[in-house]
Amino acid sequence: MSWDPVLVRTLAAVVDAGTLEQAARRLHVTPSAVSQRVKLLEQQSGHRLLVRSKPVRATTAGRAVLRHAQRLAVIEHDLRVELGVDPEGPTTLPVAVNADSLATWFLPRIAALTADEDVVLDLRTADEEQTAPLLEDGVVTAAVTARRDAVSGCRVRAIGAMEYVAVAAPSWLERWATASTQEAVHVGPRVDFDRHDALQRRWLAERYVGRPVEGPVHRVPSSGGFVRAVELGLGWGLLPQVQAAALVADGRVQRLGDDTLLVELWWQHPTDSSGLLDRLTAAVLADDGALAPVTSRR
């Protein structure tokens, strides 16, 4: 069967907006018209596409349609460029990226793309372990992720490895590191980005094999806020080397040992990408020296 792009885009708008009413405002139609379009698409596909909760959620079949909607938007952009047709508005590229990448290397790499292309970026931040599910669900077109096994219908490319160092403020060390740093990082408070952040626990597990992770945890779900929390002595934490270097040089934080932790990052994008997505991929994979090479490539 052929898929009516109007119906497909309507479903994507509903999931993105969260309600039929909000989607109707974006599409400049009535909520009744939105509901009718979704019902028609469900009838044509033979599947239930939405769970009508608040916010609405796509079903498994609905997520497949969302992935089609993302690819359709890119194909239409490429066609307009090839034919020299003036667009009605910029193409939106939803991309998932972890907060530390967003705060360091990601934006400088893609800045030129946004200057040359009639696109706007809709960046969705999540832990590097949690970005791939956004791609699976059809929420984003591509993702920076720690997951190296390919999402269905996607290709995986090595980006590089972020280098992290463990640091703490002098005030934290004065209070907690009275006996040893090893004991302090287990007993004293640490800072995690959110409940999904396993970076500090991973560092502890690799450095102190067999020791339980016991200390209290502050959760600060902001890259800038995370750095500030560590700097102010709320807890110890791992920072990207590029962020930590200036703080260490100024004496605002101190290294907790000389070892580092490498987190490999991978770029997942549709296998049938071309044009705009190829240019986005080239920008993301540009080797500007900001990241270390990964240990294995695909």
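Relative to the first principal axis of the alpha-carbon coordinates of the chain, what is the inclination of helix 5-17, with its axis defined by its Cα atoms, in degrees from 0 to 90 and to the nearest 10?
For 5-17 against the chain, the angle is about 30 degrees.
If amide H atoms are built 1.01 Å from N in the plane of the peptide, which residues on other chains or at least 5 residues away come under 5 Å of the amide H of Ala58?
The answer is Val51.
Send over the Kirkwood Rh of region 115-184, from the inverse of the averaged 1/r over different Cα pairs, rounded to one decimal Å.
It is 15.9 Å.
Spin-label point model (7 Å from Cα, Cβ direction): what's the Glu183 to Val6 distance in nm?
7.3 nm
So how do Trp105, Trp236 line up by other beta-carbon neighbours within 10 Å, fewest first? Don't skip to the end; give the middle numbers.
On the way: Trp105 23, Trp236 27.
The fewest-first ordering by Cβ neighbours comes to Trp105, Trp236.
How much mean residue ellipticity at 222 nm does the chain get from its helices, if each DSSP H run of length 4 or more adds -39500 (n - 2.57) and you divide by all residues, to the nearest 500 deg cm²/dmol?
Rounded to the nearest 500, the figure is -13000 deg cm²/dmol.
Quick one: go through region 62-93 and flag any residue whose amide nitrogen is under 13 Å from the point 7 Å out along the Cα-to-Cβ line of Gln36.
none
Contour minus end-to-end for Ala282 and Arg48, with contour as 0.36 nm per residue of separation and end-to-end as the Cα-Cα distance? Write down the numbers at each step before the final one.
On the way: separation 234, 0.36 × 234 = 84.24 nm, distance 3.70 nm.
Computed gain between Ala282 and Arg48 is 80.5 nm.
With labels modelled as points extended 7 Å from the Cα through the Cβ direction, what inter-label distance (nm, one decimal) is found for Leu262 paired with Thr295?
According to this spin-label approximation, the distance is 0.7 nm.
In region 87-103, whose amide N lies under 15 Å from the spot 7 Å out along Cα-to-Cβ of Val120? List them in ranges.
Label zone hits: 87-95.
Given C-alpha coordinates of the chain, what is the ratio Rg to Rh with the Kirkwood estimate of Rh?
1.05
If one puts a single equal scatterer on every Cα of region 1-79 and applies the Debye formula without solvent, what log₁₀ I(q)/I(0) results at q = 0.12 Å⁻¹?
Debye intensities relative to I(0), on a log10 scale: -0.29.
Report the full-extension gain for the segment Arg80 to Thr59: residue separation times 0.36 nm, less the Cα-Cα distance, to one decimal in nm.
4.4 nm
Please report the relative contact order for the chain, taking Cα pairs under 8 Å with a sequence separation of at least 6, and give it as a percent rounded to a whole number.
So the answer I get is 20 percent.
Using the alpha-carbon atoms, what tilt in degrees (0 to 90, nearest 10) does helix 31-45 show relative to the longest principal axis of the chain?
It is inclined by approximately 90 degrees.
For region 162-262, what does the alpha-carbon gyration tensor say about shape, rounded, prolate or oblate, given a ≥ b ≥ c as the root eigenvalues, a/c under 1.5 as rounded, and a/b over b/c as prolate? Please report the intermediate quantities before stating the final value.
Details: a/c = 1.26, a/b = 1.12, b/c = 1.12.
Cα axes put region 162-262 in the rounded bin.
Just report the Cα centroid separation between region 168-205 and region 231-298, whole Å.
Each part's Cα centre sits 21 Å from the other's.
Taken together, the values in this text are just the output of simple stated rules run on the coordinates, not laboratory data. Please read these numbers as outputs of a predicted model, since none were measured by experiment. Reconstructed Cβ throughout: ideal geometry from the backbone, glycine too, with neighbour counts over all protein chains shown.
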